[in-house]
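> Okay, handing you the structure first.
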Amino acid sequence: MGNSLEKTRQIFKSISLPATAEDLPKERVDDALNIVVEAVNSSIGGIIITDLEGSICFANPAFCKMFDYDLNFARKSPLRTLQG
């Protein structure tokens with residue numbers, strides 16, 4: 001587990017230094033993105049991301065469980081339809 005924590009620290013340290021994303025090696029960006037995705041999907045808190053029109057672009061499993069929504073349905077729905 002210590003190696004995993006150290007790898008995570010190294011990944012985030014390496015992505016915080018460059019001025020732009022173009023300066024980052026693709027492997028580092030992919031590693032960092034995978035860590036963030038895993039953290040969001042593992043969260044016990046409900047998390048949603050909407051577009052400017054209010055349609056859900058992303059809903060994590062905790063959100064769907066909290067509000068008893070099917071994951072695929074929630075991700076394609078306008079937020080207003082989920083407000084009951």
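The values are calculated or read from the model by the stated rules, or taken from the named source; none is laboratory data. Small disclaimer: the values here were computed from a predicted structure and weren't measured. Every residue, glycine among them, receives a Cβ derived from its backbone with ideal geometry; neighbour counts consider all protein chains shown.
> Being under 19 Å from residue 9 (Cβ atoms) and touching a helix residue (DSSP H, G or I) at 6+ places or on another chain (Cβ under 8 Å) is the filter here; which residues of the stretch 28-74 pass it?
Answer for the stretch 28-74, where residues must be under 19 Å from residue 9 (Cβ atoms) and touching a helix residue (DSSP H, G or I) at 6+ places or on another chain (Cβ under 8 Å): 28, 29, 31, 32, 35.
> While we're on this one: Checking the structure you have, find out if any residue of the stretch 44-60 is in a helix (DSSP H, G or I) and free of Cβ contacts under 8 Å to residues at least 40 places away in the same chain. Spell out the reasoning first.
Quick first cut of the stretch 44-60, residues in a helix (DSSP H, G or I) only: none.
No: the stretch 44-60 contains no residue that is in a helix (DSSP H, G or I) and free of Cβ contacts under 8 Å to residues at least 40 places away in the same chain.
> Quick check: anything in the stretch 13-28 assigned to a loop (DSSP other than H, G, I, E, B), at pLDDT 75 or above, farther than 26 Å from residue 77 by Cα and of a type outside the set (Phe, Trp, Tyr)?
Yes, the stretch 13-28 has at least one match.
> I've got another one for you. Being exposed (fewer than 12 other Cβ atoms within 10 Å of the Cβ) and not assigned by TED's automatic domain parsing to the domain that holds residue 10: is that true of residue 52 here?
yes
> Suppose we filter 33, 79, 71 for residues that are out of contact with any Phe, Trp or Tyr (no Cβ under 7 Å at 6 or more places or on another chain) and at pLDDT 80 or above; which single one remains?
Selected residue: 33, the only one of 33, 79, 71 that is out of contact with any Phe, Trp or Tyr (no Cβ under 7 Å at 6 or more places or on another chain) and at pLDDT 80 or above.
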